[in-house]
Structure formats: structure tokens, C-alpha cells
Amino acid sequence: MVSTDEEVFKCSWSQLRGTFIYILSFLIRFYDSSCIVATKMQNQSIKKKWSLLFLSLSLLLNGLLLGLFALFFLVDNFFTPTLPFAFKRQCAVEPFLATDPLVAHYRTLSFDQLVALLEDTTMLREPICARDLALAICVADHDLDLARALAKEPLFHTPLVEQESLYCYSHLEDRDFQRIALFAKIEKHPFTLQGIYKRLKEEKEPSLVEALCRRPEFHLMQTLFACSERSVDQKILVGLILEGSLETLVDFYEMQRQNCSFEAPVRQELLLRYLDQNSRVAAYLLLATDFSFAKRSLDEKHLVRLLLLLNQETPMRDAFLKELVASHKSQVVKSKASELLGDEVAGRFIERPGIGQLRPKFREPVPASPAPNQHIVRRGESLWLIAQKYNLSVQQLIQINHLQTTTLRVGQVLTIPRSG
């Protein structure tokens with residue numbers, strides 16, 4: 001098994017080889033330019049002298065180039081050179097077994113205890129030190145943000161425990177471990193985005209909320225909603241993130257890194273993804289930032305899901321429901337909107353007739369029944385509409401039926417008095 005340090009060493013050797021070739025190419029280009037200058041000289045003796053000099057340099061440079069190519073060929077195939085800047089640990093890392101008692105013991109330690117071991121160079125098993133195993137568990141089990149601690153992404157890592165996400169960062173030096181330990185002690189929440197998200201799902205601690213708001217993923221989402229017509233509070237965006245999956249936020253961040261856009265379609269697509277995860281915050285944000293889009297462009301599936309999540313009365317929600325009741329949406333959508341509004345409110349709205357349709361017949365005055373009759377209340381009817389249908393006043397209907405309120409139930413039977 002090839003160690004991580006050998007991979008890094010090979011990478012450095014390849015870079016050195018590329019640098020040599022680049023320098024030689026530059027010298028050869030300089031030689032060609034000088035030859036052109038020499039051929040333009042008028043004095044034949046000087047011209048001959050410079051031509052001989054450049055010919056000698058050409059032979060020397062070409063010989064050196066051929067020698068270097070031969071050296072690189074031999075190094076890549078037969079030798080393992082040692083350079084002054086070679087890494088200290090260039091040996092194989094044999095993974096621990098998942099059932100190893102030492103690994104199990106380290107995993108029982110708290111985060112603070114593991115941080116204290118980050119400067120412990122006691123050899124556990126060649127070449128693994130105590131700090132290597134402590135760092136691996138800090139990163140895997142406690143979500144330590146190693147990239148933030150080092151102010152750069154770790155170069156390489158090799159498996160430390162078989163079939164586990166524990167890795168050995170053997171290329172790190174003493175000063176790197178000191179920097180990681182200092183970061184873990186000073187920073188209140190030295191965790192990755194996944195670690196902050198996981199802890200916020202358990203408890204919404206204000207300092208954790210603040211740590212999430214400092215993340216670049218949150219900044220991009222905040223900028224996206226800042227471009228809408230209405231400002232959105234940080235706490236609302238935190239609630240939106242916690243009601244969805246972490247993958248939704250990560251996917252949004254990666255998409256914005258590749259193609260940064262803060263247009264309305266990007267915001268609408270993000271809210272629909274959270275809506276598919278039954279986020280109530282996404283439902284109300286969709287009305288607050290994209291009311292017209294929600295009313296006109298949502299399909300029946302998303303409208304029904306949206307209505308199921310709008311269980312808290314707000315003026316904007318009621319306005320949206322009234323628009324749906326009076327629209328040409330499907331009967332399922334309008335029934336659900338009427339149910340949320342309540343019979344008393346929904347009864348005030350009359351469905352708009354379609355193109356070429358006549359207005360409902362009950363809107364026209366009709367002669368009163370010649371004898372006492374009964375009327376069964378249907379959805380959308382109110383006392384005023386029933387009174388207009390039978391040429392009565394609302395007060396007459398209330399008195400004859402001994403009603404205590406003007407609210408009617410669907411299926412309620414009303415007595416219609418004999419006309420005078």
C-alpha cells in the first residue's frame with residue numbers, strides 16, 4: 001500500500017521536473033532569438049564569431065535537455081530519489097480494524113479530551129501517533145471543520161480504520177496540529193456545516209444560529225431573498241433550512257458557485273424543493289415573495305400541498321385563498337381553499353362563469369313558491385343568496401327558521417314561508 005506522503009512526494013518531483021523543462025525551453029527560445037540577431041549583423045568576422053558561440057550553446061543546451069530526459073526516465077522507472085525537502089513520514093499506513101479496542105476507547109472520549117490529544121506524539125503503532133487517531137475521530141464523529149482550522153483544504157488522506165470514515169492526514173506537520181488544536185479551543189463551534197445543522201436540529205441555541213448565519217451557504221441564500229420585493233428575516237431563513245434536508249442547501253450552494261444567479265426563478269425553484277419536503281416556512285415565504293407565481297403558475301399537486309401547509313391564519317393567506325375560490329382552478333383546489341376560509345367567508349364568493357357560460361340561474365329573481373317549501377343549503381350559499389332566490393328578506397328567513405346566527409352549514413334544511 002502506497003502511503004499518502006509518497007503520493008505527495010511524487011507530486012513534488014513532477015512539479016520539479018516540469019520546472020526544469022520550462023527553464024530549458026526558455027533558454028532555447030532565447031538562443032533562437034539571438035541567432036536571428038547574429039544573422040543580421042553586417043560585419044562578417046563578428047558574425048562568424050557569434051555564430052560559433054551560439055552553435056556551442058545550442059549543443060550544450062540540447063545535450064543538457066537529453067540528459068535530463070534520461071535522468072527523469074530512470075527516476076520514474078528504476079529509482080526513488082531523496083531530495084532535501086522530502087517528507088518525513090514515507091511509509092505505509094496499515095489501517096486499524098473496526099473492532100480494535102484502541103479505536104473503541106478513543107471514540108468514547110469527549111471532544112475536549114480529543115482536542116487535548118492533538119499534540120500528543122505518542123506512537124500507537126508505526127507510523128500512527130495518538131494525535132493522528134484523535135484528529136480522525138474529531139473530524140469523523142464530531143464534525144471538526146479541518147479546512148477552516150488549516151485555512152485550506154487538506155491535501156491527501158488515507159484510510160485509518162477499515163470500512164470506516166476515519167482517515168489519517170499523515171502529511172500534516174507539528175505546526176498544523178498546533179493550529180488545529182488552537183482553533184478547536186478558541187472557536188466556540190468549530191464544526192462543519194453538517195455539524196452545525198445536526199446540532200441545530202437537536203436544539204436551537206442562539207450561538208449555533210449565529211454560526212450558521214456566518215456560513216457562505218447561508219449568505220448566498222440570504223442574498224437570494226434580499227433580491228425579492230420583501231425582506232426576509234434571518235430567523236425565518238434558518239427555520240426554512242432546518243425544515244428541509246441539508247442536501248437541499250448544499251445543492252443550492254454548489255449551483256450558485258457554478259452559475260451565480262439571484263433571479264426570481266431560482267428563488268421559486270428553491271422554495272418548491274422545500275415545499276416538497278413539507279416545509280411550512282417555504283409555504284408562507286412563497287406567498288410573501290412570489291404571490292402571483294403561486295396563484296397562477298403552480299400545478300394542482302403543489303397547490304394542494306401548499307394549502308395543506310397553510311394552517312395558520314394570516315391576511316396574506318386569506319387573500320390567497322379568496323383568489324383561489326374565485327379562480328378557474330380545479331374543484332379539489334377550490335374545495336380545500338373554501339374549507340380553510342370557512343363557510344361564512346366562502347359563501348360570499350360566487351364562482352366566475354367561464355367564457356360562453358350563463359350566469360347561475362339562482363341569481364335571477366323567481367316567483368315565490370305557492371306553498372311552504374324546504375331548501376337544503378349547498379356549498380357556497382349564504383342567507384342573502386337564498387333570500388334573493390325566493391324574494392324574501394334575510395330577516396324573514398332568520399325569524400321563520402329561528403336562527404341564532406347567519407352562519408349556515410352545508411346540508412342544513414331551511415323552511416321557506418308561503419308567499420303573501
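The condition (being in contact with a His (Cβ under 9 Å, 6 or more places away or on another chain) and more than 30 Å from Cys129 (Cβ to Cβ)) is satisfied by just one residue among Cys168, Cys227, Cys213: Cys213.
Rundown of residues vs (1) surrounded by 15 or more Cβ atoms within 10 Å (Cβ to Cβ); (2) at pLDDT 95 or above; (3) over 14 Å from the mean Cα position of the chain (by Cα); (4) under 30 Å from Ala147 (Cβ atoms), yes/no style:
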site: His219; (1), (2), (3), (4): no, no, no, yes
site: Ala226; (1), (2), (3), (4): no, no, yes, yes
site: Arg267; (1), (2), (3), (4): yes, no, no, yes
site: Tyr284; (1), (2), (3), (4): yes, no, yes, no
site: Leu287; (1), (2), (3), (4): yes, no, yes, no
site: Ala294; (1), (2), (3), (4): yes, no, yes, no
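Annotation: Pro367 fulfils all but one of (1) part of a loop (DSSP other than H, G, I, E, B); (2) at pLDDT below 50; (3) touching a helix residue (DSSP H, G or I) at 6+ places or on another chain (Cβ under 8 Å); the unmet one is (3). Selection of segment 250-284 for residues being in a helix (DSSP H, G or I), of a type in the set (D, E, K, R) and under 22 Å from Asn311 (Cβ atoms) yields Arg273, Arg280.
Contact annotation: no residue pair with Cβ atoms under 9 Å, 6 or more positions apart or on different chains, pairs a residue in segment 321-342 that is not assigned by TED's automatic domain parsing to the domain that holds His302 with a partner that is of a type in the set (Gly, Ala, Ser) and surrounded by fewer than 17 Cβ atoms within 10 Å (Cβ to Cβ). Could you check segment 370-404 and list, in sequence order, the residues that are hydroxyl-bearing (Ser, Thr, Tyr) and either touching a helix residue (DSSP H, G or I) at 6+ places or on another chain (Cβ under 7 Å) or loosely packed, with under 12 Cβ neighbours inside 10 Å (or both)? Selection gives Ser393 alone.
One line per residue, one yes/no per condition, for (1) more than 24 Å from Met123 (Cβ to Cβ); (2) outside the structural domain of Arg125 (by TED's automatic domain parsing); (3) touching a residue at least 40 places away in the same chain (Cβ under 8 Å); (4) not in a loop (DSSP other than H, G, I, E, B):
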site: Glu153; (1), (2), (3), (4): yes, no, no, no
site: Ser170; (1), (2), (3), (4): no, no, yes, no
site: Arg179; (1), (2), (3), (4): no, no, no, yes
site: Ala184; (1), (2), (3), (4): no, no, yes, yes
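For segment 186-201, the set of residues classified as in a helix (DSSP H, G or I) and over 23 Å from Asp251 (Cβ atoms) consists of Ile186 only. Of all residues in segment 82-111, those being under 17 Å from Tyr167 (Cα atoms), modelled with pLDDT of 60 or more and assigned to a loop (DSSP other than H, G, I, E, B) number 7. Given the condition in contact with a helix residue (DSSP H, G or I) (Cβ under 7 Å, 6 or more places away or on another chain), exposed (fewer than 15 other Cβ atoms within 10 Å of the Cβ), farther than 30 Å from Asp233 by Cβ and not charged (D, E, K, R), answer yes or no: does some residue in segment 128-149 qualify? Checked segment 128-149: no residue is in contact with a helix residue (DSSP H, G or I) (Cβ under 7 Å, 6 or more places away or on another chain), exposed (fewer than 15 other Cβ atoms within 10 Å of the Cβ), farther than 30 Å from Asp233 by Cβ and not charged (D, E, K, R).
Output the residues belonging to segment 135-146 that are free of Cβ contacts under 8 Å to residues at least 40 places away in the same chain and farther than 19 Å from Glu119 by Cβ. Answer for segment 135-146, where residues must be free of Cβ contacts under 8 Å to residues at least 40 places away in the same chain and farther than 19 Å from Glu119 by Cβ: Ala140, Asp141.
Report whether or not Leu182 is surrounded by 21 or more Cβ atoms within 10 Å (Cβ to Cβ), at pLDDT 80 or above and under 25 Å from Leu200 (Cα atoms). Full working, then the answer.
On the way: surrounded by 21 or more Cβ atoms within 10 Å (Cβ to Cβ): no; at pLDDT 80 or above: yes; under 25 Å from Leu200 (Cα atoms): yes.
Here the answer is no, as Leu182 does not meet what is asked.
Scan segment 127-141 and tell me whether some residue there is out of contact with any Cys (no Cβ under 6 Å at 6 or more places or on another chain) and in a loop (DSSP other than H, G, I, E, B). No, the conditions are met nowhere in segment 127-141.
In segment 199-217, which residue that is touching a helix residue (DSSP H, G or I) at 6+ places or on another chain (Cβ under 9 Å) and among the acidic types (Asp, Glu) is surrounded by the most Cβ atoms within 10 Å (Cβ to Cβ)?
Here is the first cut: in segment 199-217, the residues touching a helix residue (DSSP H, G or I) at 6+ places or on another chain (Cβ under 9 Å) are 199-201, 204-205, 208-209, 211-213, 215-217.
Checking the rest, the ones that are also among the acidic types (Asp, Glu) come to 205, 217.
Values: Glu205: 12, Glu217: 19.
So the residue we want is Glu217.
The values are calculated or read from the model by the stated rules, or taken from the named source; none is laboratory data. Since we're looking at a predicted model, the values are computed, not measured. Positions of Cβ are backbone-derived with ideal geometry, glycine not excepted, and every protein chain shown enters the neighbour counts.
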